[in-house]
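Below is one structure, written out as structure tokens; the observations come after it.
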């Protein structure tokens, strides 16, 4: 098999091909002896990893394997529904990684890991060799938790929109086209899923929007849980703004113990059946499926047959192979599945890899999750989680802002949320 | 089963069920501080990098909302952070962030941010690539 120069660059990394100026970072005089670090996945975890590794080391060779040419941030995407945010504003390409950070971008899908030969197989059939591999694919969804739901439906008539992008736009369109007095039904999952308060934030953004354009419409949240992050804030504000728990409530929330678990979907007639046997006819349905580790993590054996990927608490090394690291929403960490956490896990991995390559013992990791969520454009709240390394696990300390009627305290946290989203996007992609 | 393993098992199990149900570890602040002494303290860089989502890469985001940390005077950082930690006055969120840090950790972060250039991120070379030269806190 003969490879063209272009293919050589693609698969070996530009630094392995002398004199290349094709990617605009030929000035970085990488040695052929520099280690080659490959990251699978260009979401927040993979992007933060590549960026922070480059900041710390000018010479290391970095390759990112990501099938999509663009990334859309999930944080902020709930505000697309009330018109305060646009998908364009949340969407980034990888040009900065190619030029500024000198990352060799391969637009392809990783399908397997050959641990013995230390290489990743791509969908195209080619291989990328690595010295250290970081896997940050995000989660996949358990569609059949609600009988009748499927990936096909999610991509067509019934978007979950739990990965921001075209599905978000589709769901927004469906809500905007809902008849006056229509019914929006959401199914919120159990188990660990991306951004614990986000289903309720989304429902709130939709209610805030409907209040203006479709004031008699209803939002119903069918939950597979009996409580959720910031629940007291949401109940308090929904009562004040949307008549929560009254006969004419704009938002209703049905807990698992009250029969809220959605078990069956009649997609054609838009009817959801709950665990208690109740059938609810909706105009728009948004099923957020339970999550699990990605198919790639399963196929490559990283999950070791479990739902999530096991890892070493100090370095986020895979339990399968010491040269493979795992970060983000697919990992079995006792941490919320947030982009904030994923980015901080990635910084731990970047440092651990640099330490290992230099023959040093990796330092003690430290991971926080200081997140903001909103109920409306005038009510925000904060959570501060600290995860301290404790040998084989993490000590967790957690604080949540208190429910408040103080308009300043509410508003300033909502503004903080917007500021955080903007700063965070820059932290990851610029 | 050793109690340590049991703790881990519980932590992981509660995560799988409901992440929000994973309450703070039952140990007191003093006990946690004592517990942490069995591991080397995280570096100023490791601690400080957790601030970037709000305060920008290397603390170098200059916005109207959250103050930049890059180039901040060491003593000023220590003073204000300690006041956040001790809840000396109401804040939006920093008292809830700062309460977990020890004096030594606060000083390590102060050193880290004092050594960063007080200049809006990104810090670029003339050709648009990232500067590495004056980057502080990178392990030697």
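Just so it is clear, none of the values below were taken in a lab; they were calculated from the coordinates. Here the structure is a predicted model, which means the values were calculated and not measured. Don't worry about glycine lacking a Cβ; one is built from the backbone with ideal geometry, like all the others, and counts go over all protein chains shown.
So here's what we get for this one:
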quantity	calculated
Of A:358, A:409, A:164, the one that fluctuates the most in a GNM where chain A has Cα springs shorter than 10 Å	A:358
Residue order, fewest to most beta carbons within 10 Å, for A:208, A:378	A:378, A:208
For the stretch A:302-364, convex hull of alpha carbons as volume per residue, Å³	70
Semi-axis lengths, Å, the stretch A:137-245, gyration tensor of Cα atoms, sqrt of 5 times eigenvalues	23, 19, 12
Rounded FRET efficiency, nearest 0.05, which uses the C-beta distance separating residue A:112 from residue A:405 and R0 of 56 Å	0.50
Anisotropy class of the stretch A:335-390 from Cα gyration tensor, a/c 1.5 cut	prolate
Kirkwood Rh in Å, taken over all unlike Cα pairs in the stretch B:34-137	14.5
Helix A:198-213 axis, angle to chain A major axis (alpha carbon atoms, nearest 10°)	50
Measure of compaction for the stretch A:69-126 (Cα Rg per 2.2 N^0.38 Å)	1.60
24 Å tail of the calculated P(r), the stretch A:294-430, as % of Cα pairs	41
Residues A:283, A:427, A:176, A:406, sorted so that the one with the fewest Cβ neighbours within 10 Å comes first	A:406, A:176, A:283, A:427
Mean separation of Cα contacts under 8 Å, 6 or more apart, over the residue count of chain A: relative contact order %	16
Calculated diffusion of the stretch A:109-183, Stokes-Einstein form, Kirkwood radius summed over Cα pairs, 37 °C and 0.692 mPa s, µm²/s	210
Proportion of all alpha-carbon pairs of the protein assembly as shown beyond 35 Å (%)	37
Quarter of the Cα convex hull surface for the stretch A:243-293, i.e. its orientation-mean projected area (nm²)	4.8
Likely footprinting exposure, A:114, A:140, A:321, fewest C-beta neighbours within 10 Å first	A:114, A:321, A:140
GNM result for chain A, Cα springs below 10 Å: residue of A:148, A:43, A:138 fluctuating most strongly	A:148
Alpha carbon convex hull of the stretch A:375-422, volume per residue in cubic angstrom	86
Top of A:41, A:227, A:76 by mean-square fluctuation, Gaussian network on chain A, Cα under 10 Å	A:227
At q = 0.18, 0.20, 0.24 Å⁻¹, base-10 log of I(q)/I(0) for the stretch A:264-327 (Debye sum, equal scatterers on each alpha carbon)	-0.67, -0.74, -0.93
222 nm mean residue ellipticity, helices alone, for chain A (DSSP H n ≥ 4; -39,500 (n - 2.57); rounded to 500)	-8500 deg cm²/dmol
Histogram of C-alpha separations across the stretch A:243-375, 10 Å bin width, %	10, 27, 24, 20, 13, 5, 0
